[in-house]
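Below: the structure, in structure tokens.
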Amino acid sequence: MESRAKRVFKYVDEEVDAVLFMNEEEPNLDTMFPYVTGTTSGLFEQCIAAAWPNGNVDLITNLLEETSARDSVANVIVFRDKKEKDEHVKDLFGKAKRIGVNAKGLSYNHLMELQKLLPKAKFIDVSAGMIRAKLVKDSDELGRLRRACDIASKVGREIPESLRPGMTESEGAAEINYRMQKYGASGPSFTTIASFGANSAEPHHEPDETKLRRSDIALFDYGALFRKYGSDVTRTFFVGRATAEQKRMYNTVLDAQLAAIAEIRPGMNGKDVDAIARNIIDSTEFKGLLIHSLGHSIGLSVHDGGRMAPNVDLVLEEGMVLTVEPGIYMKGKGGVRIEDDIVVTKNGCEVLTSAPKELMVI
Ligand SMILES: [Mn+2]
């Protein structure tokens, strides 16, 4: 595995002696923390990681997660209490004059604490480079993402058999979460979305007590977390019947998604991929009803920094992993979204999620 610390420094434009990462409490954990240390388990709340230009990584950890820390690539430093932790921080960073921090993952509270501990150091935000460092996945990351995608695909194939008229959205979401974990996920990669009927017109609807009825649209957006890496899949089904308009909606979204996937390759700009899908939707009666970006990068978080969206420059590179998720949303009626995860390859892309996506009436 390429040293993640070296990779971090490749993308840091600012002049710094070290980059420091510090977690708050869950859920405010910096995804750069497992990235740079290579830990596959453990929260490391209030703990500190350091990346050095020579490729070394230090991990200042409490006793709680020492075992997971020792499984990582980092040099492990254990503290028993706050006083010991502070001493380790002063020892480790004492000579660093310019310390890079990931402002997107560091709390203001912790920054003030660090400034007190290291009064001579200057803290410099290097978060822009951190986003770029994480975009291209190495083979270890790809392996974990593949498993996360496989688990979500297996569950996707089982959704139709798990649906029953009268079940609530939260029951639908629970079925998905249960199956993902049963098949090896550590949990869902974000709060599972199950939306029935008109609720499906809101892309980020949270599951509630709405019951599944005949002639409903049933939309599920979910992902599996596997050793900290998450997939992100959406499938939309029709219950009992699909109207002519719903069929046109579905097939337009599918056409848009397939056309975008067919054009993805290194060197292409994400905003141009977005335009391919958006133009197909906008050339139909559903013009203007794709109300979000076409896709986003995934990894240690479900939105990990890159986007394929209008007016966003993202030149695709081999090894980037992104969602492709066009949708059409009709307020009061319902929505259709189809989402798969892809990895950019040398000459195109490979679709990592494989649940069927032809129009299905169940
Ligand atoms: Mn998504």
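Computed from the coordinates by the stated procedures, all read-outs in this text should not be read as laboratory data. Since this is a predicted model, take the numbers as computed values, not measurements. Note that we place each Cβ from the backbone using ideal geometry, even for glycine, and neighbour counts take in every protein chain shown.
At-a-glance table
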{"quantity": "Globularity index of segment 4-134, i.e. its alpha-carbon radius of gyration over 2.2 N^0.38 Å", "calculated": "0.94"}
{"quantity": "For L20, L352, order by how many other beta-carbon atoms lie within 10 Å, fewest first", "calculated": "L352, L20"}
{"quantity": "For A355, distant residues with modelled amide H under 5 Å away", "calculated": "none"}
{"quantity": "Cα pair distances exceeding 23 angstrom across segment 139-351, given as percent", "calculated": "43"}
{"quantity": "Candidates A194, A148, A262: whichever shows maximal mean-square fluctuation once the chain is modelled as a Gaussian network with Cα springs under 10 Å", "calculated": "A262"}
{"quantity": "Under-5 Å amide H pairs with G306, H placed in peptide plane, nonlocal only", "calculated": "S297"}
{"quantity": "Net +/- balance of residues flanking V126 in space, Cβ distance below 11 Å, scoring K and R +1, D and E -1", "calculated": "-1"}
{"quantity": "Student exercise, the chain dipole from Lys, Arg, Asp, Glu Cβ charges, in Debye to nearest 20", "calculated": "220"}
{"quantity": "Per-residue ³J(HN,Hα) for segment 49-66, Karplus 6.51 cos²θ - 1.76 cosθ + 1.60, θ = phi - 60°, Hz, x for Gly and Pro", "calculated": "10, 10, 10, 10, x, 7, x, 6, 10, 10, 10, 8, 10, 7, 5, 3, 10, 4"}
{"quantity": "Built amide H within the under 5 Å cut-off of V78, gap 5+", "calculated": "T61"}
{"quantity": "Backbone HN-Hα couplings from phi across segment 266-275 [Karplus 6.51/-1.76/1.60, Hz, Gly and Pro as x]", "calculated": "x, x, 7, 8, x, 5, 6, 5, 4, 5"}
{"quantity": "Set of lysines with alpha-carbon distance to K134 below 17 Å, sequence-local pairs under 8 removed", "calculated": "K6, K10, K104, K228"}
{"quantity": "Quarter of the Cα convex hull surface for segment 85-236, i.e. its orientation-mean projected area (nm²)", "calculated": "12.2"}
{"quantity": "Per residue, the convex hull volume that the Cα atoms of the chain enclose (Å³)", "calculated": "134"}
{"quantity": "In degrees, nearest ten, helix 244-263 long axis to first principal axis of the chain (Cα)", "calculated": "40"}
{"quantity": "Contour minus Cα-Cα distance for E263 and K10 (0.36 nm per residue)", "calculated": "88.2 nm"}
{"quantity": "The chain: angle of helix 108-117 to the longest principal axis, Cα-based, in degrees nearest 10", "calculated": "10"}
{"quantity": "Dipole of segment 139-351, positive direction: furthest Cα of L163, V312, V351, with charges on the beta-carbon", "calculated": "L163"}
{"quantity": "Residue order, fewest to most surrounding Cβ atoms within 10 angstrom, among S107, S68, S189", "calculated": "S107, S68, S189"}
{"quantity": "Hz values of 3J(HN,Hα) by residue in segment 30-47 - Karplus curve (6.51, -1.76, 1.60), Gly and Pro given as x", "calculated": "7, 5, 5, 5, x, 4, 7, 8, x, 5, 10, 8, x, 8, 6, 4, 6, 8"}
{"quantity": "Choice from P266, P119, P203 with maximal GNM fluctuation in the chain (Cα, 10 Å cutoff)", "calculated": "P119"}
